[in-house]
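I have placed the structure first, in the form of structure tokens, so that the comments after it can refer back to it.
The values are calculated or read from the model by the stated rules, or taken from the named source; none is laboratory data. Please read these numbers as outputs of a predicted model, since none were measured by experiment. All Cβ positions, even for glycine, are placed from backbone atoms using ideal geometry, and neighbour counts span all protein chains on display.
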Amino acid sequence: MDMNEIKEIFFQECEEQLAELESGLLKMNDGDRDPETVNAVFRAVHSIKGGAGAFGLDDLVAFAHVFETTLDCVRSNKLDPGPEVMKVMLKSADVLADLVTASRDGIGVDPGRSSGLVKELEALANGEVPAPSAAPVAAPAPKPVAAAPAPSDDSGFQPIPFTFDGFGGEEEQTVVASTFDVTFKPRRELYSKGNEAALLLRDLSRLGEMSIHCDTDGLPPLDEMDPEAAYFSWKIQITAEKGEEGIRQVFEFAEWDCDLEIKVVEAETKAPGEELPMVPVPFDLSALDEGPEPDGDNGTQEAVTAAVAAAETASNVMKMAAGAAKPEKKESPAAAAAAAAAAAAAQANSAAGQTIRVDLDRVDRLINLVGELVINQAMLSQSVIENDATGTSAVNMGLDELQQLTREIQDSVMAIRAQPVKPVFQRMSRIVREVADMVGKSIRLVTEGENTEVDKTVIDKLAEPLTHMIRNAVDHGIETPEKRAAAGKNPEGTVKLTAKHRSGRIVIELVDDGAGINRERVRQKAIDNDLIAADSNLTDEEIDNLIFAPGFSTADKISDISGRGVGMDVVKRSIQALGGRISITSRPGQGSTFTMSLPLTLAVLDGMVVTVAGQTLVVPLTAIVETLQPEAQNIHSFGANQRLISIRNSFCPLVDVGRILNFRGTQANPMEGVALLVESEGGGQRALMVDAIQGQRQVVIKSLEANYTHVPGIAAATILGDGRVALILDVDAVVAASRGQSLRQEMSLAVAG
């Protein structure tokens, strides 16, 4: 793996860290003060900073360092994350994301924006947290010699008064350093990830003069030890020239797997020559020293070695505990329960961490190959069926197994590409903040269903339409705080973004509590722009849909946000390109709801293959409620051209699919066909009239727009087992067209409105 590949992995991880950062900051902005939330935010910035430093991304490192410092003040309760503080934090997260993108793409970022935020972050940190005074230290004292072992107490245990200084071999000079009390307690995760307390202590000793002792109060009896647990902790006093930052760098990759506390010791609180009180350690560590007693200048190095050996011995003792337990002594129930819980947690953590990064192009190629496998399997089955009249041959049985296996492969591969919509939703919070600041409004974004999964290709194409819809809701939908207060509303507006699964599709709703659509104004603008005639008689729904017309805008002047009539027409086209649709409901004074319905995947679907006027169509199985054979007594005429079918004492409109799609000029006889009872996204049921049903199949979706052009009433196409191309019916478009207009007229009105 070369450096470019490693760098690409870093930027992929940055995306995850930025998502974690955004999520945590939004929780904090909503009042969450859970320390774990704050720590997660701090970790995200810290990880980005550490990786950026390895690749020499100086601008990113510099900004992340200041951001991290301010977050550390929040983490240590020195800075209260109030509304004004969180506003700066959220802006900083946006700039950090821009810097990551700029570093990845090799482009520049406006230095004025980042430098201004750096000053704000520094002001927050310096204004709320008084800088601790560092105690100047004169020329260092002569190198100390490890103290002789103190007399043992009645238990036979001996204290280990180890004392350290640096290893630089430099000439004595006057330095300015600070003395710190450090408490270091590893967790079991530290050892499971390959870290060693001994190595960390050895690295720490290189920073300056240090004294250390081991706290063993948490050590259980030998027969109750968990060999994978961490029982010891260390209390350290160190005088380091690099300060707290240098100490934290030692624990940089282990800080989240241990309890680490660093406190500054004031100069007047430590008398010259005073040492940290020692606590006896319940192991006779004198056996570790095979050589002579340390003396002279070599005492420091040997003392360090002894302390490190103590840490290693402590780790080895815990690992040997399981084998050293006495077989005749039964384990206490409490200890057994604790060990079982620890083992289960360790197993869960191990299972959750087993992931692999795969390039999306490879997954797409696998998806395409599975699609071809489905097509070839269908062709093979069709050929065998046509040449085997009995249907009981061994080949037929093998094909059934092949079909089942193909389905399992397809489901597994599709699950690989399924991703939650959370990253896209989180990106919208930034849009809301930026646009709200530009128009002087106070708006809060609420999200639900962020973990709803959908195909990765659908997620990638959701960002653009959602961005336009969010900007439209903030700029046009939500009123100014003054108008909201005058109307008796909360001055802070709310935009709600939700996602959920419904009938094999994903439904995304954008709801605002604004003023709703001003239909008179929309109608007049459409007349002024020659989009409709002045005497047009439009329903409320048709007027609302006018905002999707190309070039339509109700803004009085062109601004950075709106006014050019580009936005909602892009939304309409983007959603249609995904095989979906969008609808609007609005109530004056109460707000508007935009509903998008999209397929879960753009690769395959389960469908019912039907025949209509000699044409073969595929109806998505998720839209079909039931199939039935119409009877004469259940068919009723309504108006000039409408017919209803009676189903269990209720009436449902009967839609002739062949007539709607202009496959035939006259309506078919219902008694000679089959009715498919379907549910549309707009609500209500319709009975689609087809000539015959060929069967249920899984088909591979092929885009018509990519290979031909958009066809009204048709969502996509597929290849059948006999090699023919079949069209996949757009059920909602056909149902919408059944309301009294031809399909082409209905689609034209939808595009214009």
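Where residues in region 453-481 are surrounded by fewer than 20 Cβ atoms within 10 Å (Cβ to Cβ) and among the polar types (S, T, N, Q), which of them is farthest from the chain's Cα centre (by Cα)? This residue is THR480. The requirement of being at pLDDT 85 or above, more than 19 Å from CYS258 (Cα to Cα) and outside any helix (DSSP H, G or I) is not satisfied by LEU99. Examine region 9-22 for a residue that is touching a residue at least 60 places away in the same chain (Cβ under 8 Å), out of contact with any Phe, Trp or Tyr (no Cβ under 7 Å at 6 or more places or on another chain), over 13 Å from SER103 (Cα atoms) and surrounded by fewer than 16 Cβ atoms within 10 Å (Cβ to Cβ), and state whether such a residue exists. Checking region 9-22: at least one residue is touching a residue at least 60 places away in the same chain (Cβ under 8 Å), out of contact with any Phe, Trp or Tyr (no Cβ under 7 Å at 6 or more places or on another chain), over 13 Å from SER103 (Cα atoms) and surrounded by fewer than 16 Cβ atoms within 10 Å (Cβ to Cβ). I'd like the residue in region 102-124 that is at pLDDT below 85 and crowded, with 18+ Cβ neighbours inside 10 Å and, out of all such residues, is farthest from PHE10 (Cα to Cα). Only one residue tops the list, namely LEU117.
If the condition is being over 19 Å from the mean Cα position of the chain (by Cα) and crowded, with 20+ Cβ neighbours inside 10 Å, then region 26-51 contributes LYS49, GLY51. Just one of the listed residues (ALA463, ALA485, ALA473) is in the same structural domain as LEU578 (by TED's automatic domain parsing), free of Cβ contacts under 8 Å to residues at least 24 places away in the same chain and among the aliphatic types (A, V, I, L, M), namely ALA485.
Can you confirm whether PHE651 is modelled with pLDDT under 80, surrounded by fewer than 18 Cβ atoms within 10 Å (Cβ to Cβ) and among the hydrophobic types (A, V, I, L, M, F, W, C)? Against the criterion (modelled with pLDDT under 80, surrounded by fewer than 18 Cβ atoms within 10 Å (Cβ to Cβ) and among the hydrophobic types (A, V, I, L, M, F, W, C)), PHE651 does not qualify. Taking region 570-603 as the range and being outside any strand (DSSP E or B) and of a type in the set (Ser, Thr, Tyr) as the test, the residues that pass are SER574, THR601. Condition check: of a type in the set (D, E, K, R) and modelled with pLDDT of 75 or more. Does ASP364 satisfy that? Considered against the rule, which asks whether it is of a type in the set (D, E, K, R) and modelled with pLDDT of 75 or more, ASP364 comes out as yes. Annotation note: Cβ proximity below 7 Å between a residue of region 61-83 that is in the same structural domain as LYS119 (by TED's automatic domain parsing) and surrounded by fewer than 17 Cβ atoms within 10 Å (Cβ to Cβ) and a residue that is assigned to a loop (DSSP other than H, G, I, E, B) and modelled with pLDDT under 85 (sequence gap 6+ or interchain) occurs for LYS78/VAL129.
The residues of region 406-438 that are in contact with a Ser or Thr (Cβ under 9 Å, 6 or more places away or on another chain), surrounded by fewer than 18 Cβ atoms within 10 Å (Cβ to Cβ) and either hydrophobic (A, V, I, L, M, F, W, C) or closer than 22 Å to LEU96 by Cα (or both), listed by number, are MET414, ALA418, MET438. Of all the criteria given as (1) among the acidic types (Asp, Glu); (2) more than 17 Å from ARG187 (Cα to Cα); (3) modelled with pLDDT of 85 or more, the one not satisfied by ASP215 is (2).
If you go through region 201-233 and keep only what is under 18 Å from PHE253 (Cα atoms), buried (at least 21 other Cβ atoms within 10 Å of the Cβ) and not polar (S, T, N, Q), you end up with LEU201, LEU204, LEU207, ALA230. Check whether at least one residue in region 66-84 is within 21 Å of LEU260 (Cα to Cα), under 22 Å from the mean Cα position of the chain (by Cα) and not in a helix (DSSP H, G or I), and report yes or no. No, region 66-84 has no match at all.
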